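Presented below is the structure to which this report refers.
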Amino acid sequence: MRNNIGATDKTIRVAIALTTSIFVFSRFITGPVALAGFLLALGLVITCFKGICPFYRIFRINTNKNLNDKARIYERNETLFKNYLKNYNERYSGIEKEFK
């Protein structure tokens, strides 16, 4: 699986997890809300370290701006364009002679 969480997203997730954990452990929030907050913080930290968010995968969101991904897309587009030109030249190379 490829990472879909970028550096800024990871920073925001850690900040939210820390803030929520501080509220829970200082007993600022208690009861079921505290448990939900703790589970939320735990989930944010786990997805941060793994680099993969299952909800992002479902909704096809990707905040990871990896340069290798951009290079791979560029190489793919360049290859597709070269193949198109090659096929075009093979198909229409005899047309020039007909009109001369």
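The values are calculated or read from the model by the stated rules, or taken from the named source; none is laboratory data. Being a predicted model, the structure only gives us computed values, none of them experimental. When we count neighbours, we look across all protein chains shown, and the Cβ atoms used for this are built from the backbone with ideal geometry, even at glycine.
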Keeping to the range 1-45, report how many residues are assigned to a loop (DSSP other than H, G, I, E, B), within 29 Å of Lys65 (Cα to Cα) and charged (D, E, K, R).
1
Is it true that some residue in the range 63-76 is over 17 Å from the mean Cα position of the chain (by Cα), modelled with pLDDT under 90 and of a type in the set (Asp, Glu)?
yes
I need every pair where a residue in the range 13-33 that is in the same structural domain as Leu44 (by TED's automatic domain parsing) has its Cβ under 8 Å from the Cβ of a residue that is assigned to a loop (DSSP other than H, G, I, E, B), sequence separation at least 6 or different chains.
Arg13/Ile5; Ile22/Phe28; Phe23/Ile29
Look at the range 30-40 and say how many of its residues are farther than 29 Å from Gly6 by Cβ and surrounded by 13 or more Cβ atoms within 10 Å (Cβ to Cβ).
1
Within the range 17-32, take every residue that is closer than 14 Å to Gly43 by Cα and of a type in the set (Gly, Ala, Ser) and give me the one that is farthest from the chain's Cα centre (by Cα).
Ser21
Mind counting the residues in the range 41-62 that are surrounded by 10 or more Cβ atoms within 10 Å (Cβ to Cβ) and either of a type in the set (Val, Ile, Thr) or modelled with pLDDT under 85 (or both)?
5
